[in-house]
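Below: one structure, written as structure tokens.
A short reminder: the numbers here are calculations on the coordinates, not readings from a lab. Everything quoted here is computed from the prediction, not taken from an experiment. Glycine also receives a Cβ, built like all others from the backbone with ideal geometry; neighbour counts cover every protein chain displayed.
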Amino acid sequence: MGFAGDQASSPISGSWSDVTPADDFLCATLTLYWVTQTITSSMRDYWDNRRYPAEPTYVVTPTAFGVFAHETVPEGEPPRSYLERLYNIQRWTVFPRGGHFAPLEEPVALASDLAAFLRDLSPC
């Protein structure tokens, strides 16, 4: 828990986020993990994927992908052409701001993009 709070408020977080979350947001989030005892299960996917990589298969479900300016990984931004081999990408949006905490940082932009994606899927 301390690690998660430290990462969100460290100078390093500036490289993968536009904002440092407010203390009350961090406390509420960390308390939620603590009370529900879900911090381990929230991180397990990261551990499992590195230790036991799965064979990629094509996902036919319509998929939207958002690239946020500060959501970086050591390997760099994922190439769209690669992801299109794995997912049925129907919407690809590059956001000029935002990072790891995108819903907190850019809630209106994210919600608008999600609504547009769902609207485009609607048969009406």
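The table below gives the values:
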{"quantity": "Stokes-Einstein D for the range 25-68, Kirkwood Rh over Cα pairs, 37 °C, 0.692 mPa s (µm²/s)", "calculated": "243 µm²/s"}
{"quantity": "Among 42-48, 99-105, 25-31, the order from most to least packed when residues are scored by Cβ within 10 Å on average", "calculated": "99-105, 25-31, 42-48"}
{"quantity": "Simple spin-label estimate for V108 and T72 in nanometres, 7 Å along Cα-Cβ", "calculated": "2.8 nm"}
{"quantity": "Rh (Kirkwood; distinct C-alpha pairs) - the range 56-124, Å", "calculated": "13.1 Å"}
